[in-house]
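In what follows, a single structure is set out as structure tokens and then discussed.
The values are calculated or read from the model by the stated rules, or taken from the named source; none is laboratory data. Since the structure is predicted, the reported quantities are computational estimates derived from the model, not experimental observations. In this analysis, Cβ positions are derived from the backbone assuming ideal geometry, glycine residues included, and neighbour counts consider all displayed protein chains. Note: accessible area is taken over every heavy atom of the protein model, side chains too, but ligands, DNA and RNA are not part of it. Shrake-Rupley method; radii C 1.70, N 1.55, O 1.52, S 1.80 Å.
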Amino acid sequence: MSASEIQKTRVINELRGFIKKLLQDPKILEQSLEIARKHLSSGEKDAMAKIASEISDTTSVHISEDPAEHSEADKLYLEVLKEVIDEEQALY
């Protein structure tokens, strides 16, 4: 297996585990969106780090506050949260 294939497999496994957590506890999505709304709407400079930290503190999802330590699944989840909030705000 090539390094690229190993990386893809690792990312897929991370995402599977993450999706499984979301299905087991649907409140995670609601809490994550609420946290993201709060930090993104206030225009905080380090909003993404604060979002990661608060999600880790209040849910079973653990994301390092340090962006350098984010896994691919962490990055993807934070990016999607931001996109959803941006789209919500564009509607108003």
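Every residue in region 67-92 that is open to solvent by 70 Å² or more (accessible area, probe 1.4 Å) and either outside any helix (DSSP H, G or I) or basic (Lys, Arg) (or both), please.
Hits for region 67-92 are 75, 82, 92.
Could you say which residue among 54, 30 is of a type in the set (Asp, Glu) and surrounded by 13 or more Cβ atoms within 10 Å (Cβ to Cβ)?
From the options 54, 30, the qualifying one is 54.
Could you check region 14-27 and list, in sequence order, the residues that are outside any loop (DSSP other than H, G, I, E, B) and either of a type outside the set (Gly, Ala, Ser) or surrounded by 18 or more Cβ atoms within 10 Å (Cβ to Cβ) (or both)?
14, 15, 16, 18, 19, 20, 21, 22, 23, 24, 27
Can you pull out the residues in region 57-66 that are open to solvent by less than 80 Å² (accessible area, probe 1.4 Å) and either assigned to a helix (DSSP H, G or I) or within 16 Å of residue 16 (Cα to Cα) (or both)?
Residues satisfying the conditions are 58, 60, 61, 63.
From the list 81, 15, pick out the single residue that is under 12 Å from the mean Cα position of the chain (by Cα) and modelled with pLDDT of 90 or more.
On the way: 15 fails: modelled with pLDDT of 90 or more.
Among 81, 15, only 81 is under 12 Å from the mean Cα position of the chain (by Cα) and modelled with pLDDT of 90 or more.
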